[in-house]
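The values are calculated or read from the model by the stated rules, or taken from the named source; none is laboratory data. Because the structure is a prediction, the values reported are computed rather than measured. All Cβ positions, glycine included, derive from the backbone under ideal geometry; neighbour counts span all protein chains shown. These accessible areas exclude ligands, DNA and RNA; they are computed on the full protein's heavy atoms, side chains included. Shrake-Rupley method; radii C 1.70, N 1.55, O 1.52, S 1.80 Å.
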Amino acid sequence: QVQLVESGGGLVQAGGSLRLSCTASGTIFSINTMAWYRQAPGKQRELVARISTGGTTLYPDSVKGRFTISRDNANNTVYLQMNSLKPEDTAVYYCNTLGIAYPWGKGTLVTVSS
């Protein structure tokens, strides 16, 4: 069974940085386009970064230039480097494939204080 485990969240002041990690088990990680999503309180889950098997990345305007997604296929891990964090980035962050092929993990909470 596929399991996704996110980590690296925490409390940070506005303008700070965090690096999130997501490790996948039970799947052929390298064949999937992976993505990071987030869900803020009272809002729908949204995609914040994606990375193809070849390393092509894509971001929405809300995080472009501040977030960087990367992947380590050998270790079944995808990362999200978040810089210049804003209070509106506060959310629970999850990883999954672009097509949401696997059960959601528990996510990791990011709280940005103003």
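Please find, among 114, 84, the residue that is in contact with a helix residue (DSSP H, G or I) (Cβ under 7 Å, 6 or more places away or on another chain), open to solvent by 40 Å² or more (accessible area, probe 1.4 Å) and more than 21 Å from residue 2 (Cα to Cα).
The match here is 114.
Restricting region 58-81 to residues that are surrounded by 14 or more Cβ atoms within 10 Å (Cβ to Cβ) and of a type in the set (S, T, N, Q), which is farthest from the chain's Cα centre (by Cα)?
Ranking the candidates gives 73 first.
All but one of (1) over 16 Å from residue 8 (Cα atoms); (2) outside any strand (DSSP E or B); (3) open to solvent by 60 Å² or more (accessible area, probe 1.4 Å) hold for residue 102, so report the exception by its number.
So the condition that residue 102 fails would be (3).
Pick out the one residue from 7, 70, 21, 84 that is hydroxyl-bearing (Ser, Thr, Tyr), modelled with pLDDT of 95 or more, closer than 18 Å to residue 113 by Cα and out of contact with any Cys (no Cβ under 6 Å at 6 or more places or on another chain).
Just one listed residue meets the conditions, 84.
I need a count of the residues in region 87-99 that are closer than 15 Å to residue 18 by Cα and either crowded, with 16+ Cβ neighbours inside 10 Å or of a type in the set (S, T, N, Q) (or both).
So the answer is 6.
Which strands (runs of 3 or more DSSP E) sit wholly inside region 1-52 and have at least 3 residues that are within 16 Å of residue 109 (Cβ to Cβ)?
The qualifying strands (runs of 3 or more DSSP E) are 3-7, 10-13, 18-25, 34-39.
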